[in-house]
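See below for the structure under consideration.
Readers should treat all values here as calculations from the given coordinates under stated rules, not as data from a laboratory. Nothing here was measured: the structure is a model prediction, and the numbers come from that model. We place every Cβ from the backbone using ideal geometry, glycine too, and count neighbours over all the protein chains shown.
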Amino acid sequence: MRHQDDPGTLDLITGRLLLGYARVSTDDQDLTHQRAELHAAGCTRIYAEKITGTRRDRPELARLLDHLRPGDVVTVTRLDRLARSTRDLLDIAERIQVVGAGLRSLAEPWADTTTPAGRMVLTVFAGIAEFERTLIIDRTRSGREAAKRRGVKFGPRPTLTPAQIEHARELIEQEGRTVKEVAALLGVHRSTMYRLLNKETTQ
């Protein structure tokens, strides 16, 4: 669904251009309520679309961000209409901030980056998101190390089973087949066949 053609109106107090973004997840849902809230908040240029928030390609959101100018304010009814996750929200907020624009949510007044308090809250969120990412990396590393101590092997699965490799060796040594023929028969590349045969020999 395309945004309205109205170029937008300025906030009479601050002189900022207020741009609204509205989204619903399915065609069965209605954008009317979000549009009404955004209009009431002073937005007369609204970018709206019916698309699930899990999708990366949100054309109207991309169009809004591309049209941002310094001093503009992106307004949403709720943050979950704008972002898929905390990380996604922080990335969008950073993109908005880079051009000198602001972000505000009608349902979450603390998320108003046009105010020092709102910017501080998102800075804290960014720190928490980075902390969570570090924890996940550390837990993953610890889990892999513990698994290795238990004898679990990581890496790509063998392309051929030991029995298939032995069969390949018999075809080459006893039946006189070439490595290329045997590799084609077993559905692997010739270089892979050489590598597996050499590996078996050196073990």
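Using just the helices of the chain, give the 222 nm mean residue ellipticity in deg cm²/dmol: DSSP H runs with n ≥ 4 each add -39,500 (n - 2.57), and the total is spread over all residues, rounded to 500.
Numbers: 7 runs with 98 residues, N = 203.
Estimated from H runs of four or more residues: -15500 deg cm²/dmol.
What is the sum of charges, Lys and Arg at +1 and Asp and Glu at -1, for the other residues whose Cβ falls under 11 Å from the Cβ of Glu37? If you can, show how the numbers build up before the last one.
Working: positive: Arg35, Arg78, Arg81; negative: none.
Once all neighbours under 11 Å are counted, the net charge is +3.
Please enumerate, by chain and number, the lysines with C-alpha under 27 Å from the C-alpha of Lys148, excluding those fewer than 8 residues away in the same chain.
Excluding near neighbours in sequence, the set is Lys199.
Picking from Gln164, Gln97, Gln29, which is most flexible by a Gaussian network model of the chain using Cα springs under 10 Å?
Gln164
Would you mind working out the magnitude of the charge dipole of region 18-116 relative to its Cα centre, with +1 at each Lys and Arg C-beta and -1 at each Asp and Glu C-beta, to the nearest 20 Debye?
On the way: 15 positive and 15 negative charges, 28 e Å.
In total the dipole reaches around 140 debye.
Mind listing P(r) for the chain? All alpha-carbon pairs, 10 Å bins, whole percents.
Spelled out bin by bin, the chain gives 8, 25, 18, 10, 11, 13, 11, 4, 0, 0 percent.
Just Leu171, Leu106, Leu17 to compare: in a GNM of the chain, with alpha carbon springs under 10 Å, which one fluctuates most?
Taking springs between Cα atoms under 10 Å, the residue moving most is Leu171.
State the answer as a single residue: which of Pro116, Ala83, Ala146 lies farthest towards the positive end of the charge dipole of region 68-164, with beta carbon charges of +1 for Lys and Arg and -1 for Asp and Glu, about the Cα centre.
The one lying farthest along the dipole's positive direction is Ala146.
Dividing the convex hull volume of the Cα atoms of region 18-116 by its residue count, what figure in Å³ per residue is obtained? Please list the in-between numbers first.
Numbers: hull volume 9.0 nm³, N = 99.
Cα-based convex hull of region 18-116, divided per residue, equals 91 Å³.
Under a Cβ-only charge scheme (Lys and Arg +1, Asp and Glu -1), can you give me the dipole magnitude of the chain about the Cα centre, in debye to the nearest 20? Working shown, then result.
Values: 33 positive and 28 negative charges, 166 e Å.
For this selection, approximately 800 debye.
Once you place label points 7 Å from the Cα toward the Cβ at Leu185 and Ala41, how far apart are they in nm?
Modelled inter-label distance: 7.0 nm.
For Glu94, what is the net charge nearby, where nearby means another residue's Cβ is under 12 Å from its Cβ and Lys, Arg count +1, Asp, Glu -1? Walk me through the numbers before you get to the answer.
On the way: positive: Arg87, Arg95, Arg119; negative: Asp88, Asp91.
With Lys, Arg at +1 and Asp, Glu at -1, the net is +1.
In nm, to one decimal, how far is the modelled label at Ala117 from the one at Arg84, with both set 7 Å along Cα→Cβ?
3.3
Please identify, among Gly100, Gly71, Gly151, the residue showing maximal mean-square fluctuation in a Gaussian network model of the chain using a 10 angstrom Cα cutoff.
Checking each option, the largest mean-square fluctuation is seen for Gly151.
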